[in-house]
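Please read the structure below before turning to the comments.
The values are calculated or read from the model by the stated rules, or taken from the named source; none is laboratory data. All figures in this text were calculated on a predicted structure; none of them were measured in a lab. As a convention, Cβ positions derive from the backbone with ideal geometry for all residues, glycine included, and neighbour counts pool all protein chains shown. Just so you know, the surface numbers come from the protein's heavy atoms only, side chains and all, with ligands and any DNA or RNA stripped out. Shrake-Rupley method; radii C 1.70, N 1.55, O 1.52, S 1.80 Å.
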Amino acid sequence: MKKYALLLIYLLITAGCTHPGGRTWMIPVTINPSDLGYTPSSMESFEGRRNQLVDSLSDSYVILRSADQCSANRHEFRPNNYFYYLTGYTARGSYAILAPDPYQSFTLSVPHQSIRSLIYEGGELPAEEISEKYGPDRILSYQESWKLIDSIVQTGATIYMDRSDRTFLTELQRLAGENGTTRFRNIGEVGDEIRVIKEPLEVEYLQKACNITAMALINVMKECRPRMYEFEMESIIEGTFLEYGSAMPGFNSIVGSGPNSTILHYEPNTREMENGDLLLMDVGAEYGYYTADITRTIPVNGRFTPEQRTIYQLVLDAQLAAIEQMKPGKMFMDGHMAAKEVIVKGLSELGLITDPTSPWQIKFYILYPSSHFLGMDVHDVGDKGGSFARFMEQTPQESMESRKLEPGMVLTIEPGLYFRKKGLEQLHEIFEAEADSTEMAQFIEAVGPIYKQYINTGVRIEDDILITTGGNINLSRYAPKVIEDIEQIMR
């Protein structure tokens with residue numbers, strides 16, 4: 001706890017909390033990846049996580065492999081989240097086994113190395129150095145590790161593994177055989193709650209990921225102009241990531257202009273931007289296997305139109321109200337509910353909602369829960385059923401029933417408004433079970449002329465919030481979001 005408090009003090013002193021760097025927007029990020037290197041203190045963190053998990057195993061085992069289907073679907077190899085979180089080891093082709101054995105609770109395999117892999121990929125650390133750095137109770141070869149895995153499977157014990165790794169699951173099920181009694185359960189059942197509370201080193205990586213992402217967004221603000229393409233903005237963003245030591249984005253970059261700004265997860269990023277467009281960028285650098293997730297919306301020509309300014313300020317006011325609710329003891333959905341209240345009031349005043357108590361009218365504009373947990377995954381562990389389908393089906397009471405926020409949690413807050421060109425035409429398809437055709441026709445007649453003013457306006461503002469003992473820290477505070485600041489940078 002002392003280390004955690006010291007880190008928070010360090011963040012506050014070195015980074016500040018409001019308008020850091022004044023109007024120059026100086027961001028404390030350097031081209032120095034030395035913080036990613038091995039240290040004995042970081043290995044203590046991995047050991048502590050393993051010990052906490054092993055204590056909960058009873059007669060069960062944890063078996064993980066470093067590579068899964070997602071590992072190769074990135075810019076470079078990336079180890080499985082659970083494998084890295086518990087070992088700190090990043091070599092492909094390795095296996096980790098945690099067992100309820102006080103003398104051999106942590107087994108790590110040495111990757112199989114052929115002449116071809118040595119030539120194409122280089123060698124891995126020798127077993128002695130792996131043992132010294134990562135602290136396994138024993139190190140096995142690839143073949144030996146599979147013999148051990150087979151013997152564990154044959155005992156019929158419960159095995160926790162990453163069930164999203166379908167290839168590995170299939171291999172384990174093959175070993176168990178059709179008549180086997182082994183149960184393969186998801187590692188998240190015993191590991192997710194440990195991951196929800198971030199340790200100091202995890203917060204440091206998230207902060208640096210946010211700082212790099214903020215730098216990328218400011219670089220776009222400086223370069224963005226009409227007649228440029230969305231992918232040119234994407235290249236500025238991801239080029240900045242690489243420049244500052246982020247090996248890859250934490251997720252596919254969303255860079256949508258004009259009508260594309262109203263598509264929640266737009267990814268092609270191919271449109272030529274036009275004068276008068278908004279540009280919505282939902283992006284995040286990954287650093288040390290932890291990802292930022294920041295969204296900023298800017299005017300392509302550097303100046304918001306009156307209509308754009310109205311919607312943007314409404315979303316910003318909603319987000320600020322939500323952040324005020326993100327503190328220990330508050331519920332996970334309290335921030336969302338605060339944002340919702342501001343948005344419903346604002347849309348009602350604009351004439352875009354005719355009945356502020358109508359659930360379907362509210363859900364027409366508020367399309368998703370405004371927060372999700374953040375960490376190694378962009379939608380990190382800790383969420384309790386936050387899918388779009390689940391959200392659309394929830395009652396107001398269910399929306400309020402969510403987990404309490406605790407110090408060390410990191411979550412996003414991302415309210416948005418999206419005025420799709422065919423939005424009103426889609427009403428009947430979306431809400432046919434909640435409203436009759438007459439009610440929807442009256443709504444369209446009343447709000448249609450006003451809605452038309454905002455067509456192709458998509459605004460989302462997203463920040464990454466660390467819950468602290470005294471409230472919260474906005475890890476993405478260096479990314480400008482006040483209208484005047486954005487327009488100043490874009491001059």
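Within the set TYR312, TYR368, the sole residue that is modelled with pLDDT of 95 or more, surrounded by 20 or more Cβ atoms within 10 Å (Cβ to Cβ), touching a Phe, Trp or Tyr at 6+ places or on another chain (Cβ under 8 Å) and hydroxyl-bearing (Ser, Thr, Tyr) turns out to be TYR312.
Would you point out the residue of the range 455-482, among those that are open to solvent by less than 30 Å² (accessible area, probe 1.4 Å) and out of contact with any strand residue (DSSP E or B) (no Cβ under 9 Å at 6 or more places or on another chain), that is farthest from TYR418 (Cα to Cα)? Filtering first and then ranking leaves THR468. Could you pull out every one of the helices (runs of 4 or more DSSP H) wholly within the range 175-266 that has 2 or more residues that are touching a Phe, Trp or Tyr at 6+ places or on another chain (Cβ under 9 Å) and hydroxyl-bearing (Ser, Thr, Tyr)? Answer list for the range 175-266: 200-223. Looking only at residues of the range 413-449 that are over 31 Å from the mean Cα position of the chain (by Cα) and of a type in the set (Ser, Thr, Tyr), we find that the one that is surrounded by the most Cβ atoms within 10 Å (Cβ to Cβ) is SER437. Among the conditions (1) within 20 Å of THR457 (Cβ to Cβ); (2) in a loop (DSSP other than H, G, I, E, B); (3) open to solvent by less than 20 Å² (accessible area, probe 1.4 Å), GLN319 misses just one, which is (2).
Return the residue satisfying two criteria in turn: it lies in the range 158-217 and is among the aromatic types (Phe, Trp, Tyr) and touching a residue at least 60 places away in the same chain (Cβ under 8 Å), and of such residues it is farthest from SER41 (Cα to Cα). Checking each candidate, the answer is PHE168. Among the residues of the range 137-174, the one identified as more than 20 Å from VAL190 (Cβ to Cβ) and part of a loop (DSSP other than H, G, I, E, B) is SER141. Residue check: SER348 meets all listed conditions (1) under 19 Å from ASP464 (Cβ atoms); (2) free of Cβ contacts under 8 Å to residues at least 12 places away in the same chain but one, namely (1). Only one of the listed residues (LYS404, LYS452) is under 30 Å from LEU206 (Cβ atoms), among the basic types (Lys, Arg) and either at pLDDT below 95 or surrounded by fewer than 14 Cβ atoms within 10 Å (Cβ to Cβ) (or both). That residue is LYS404.
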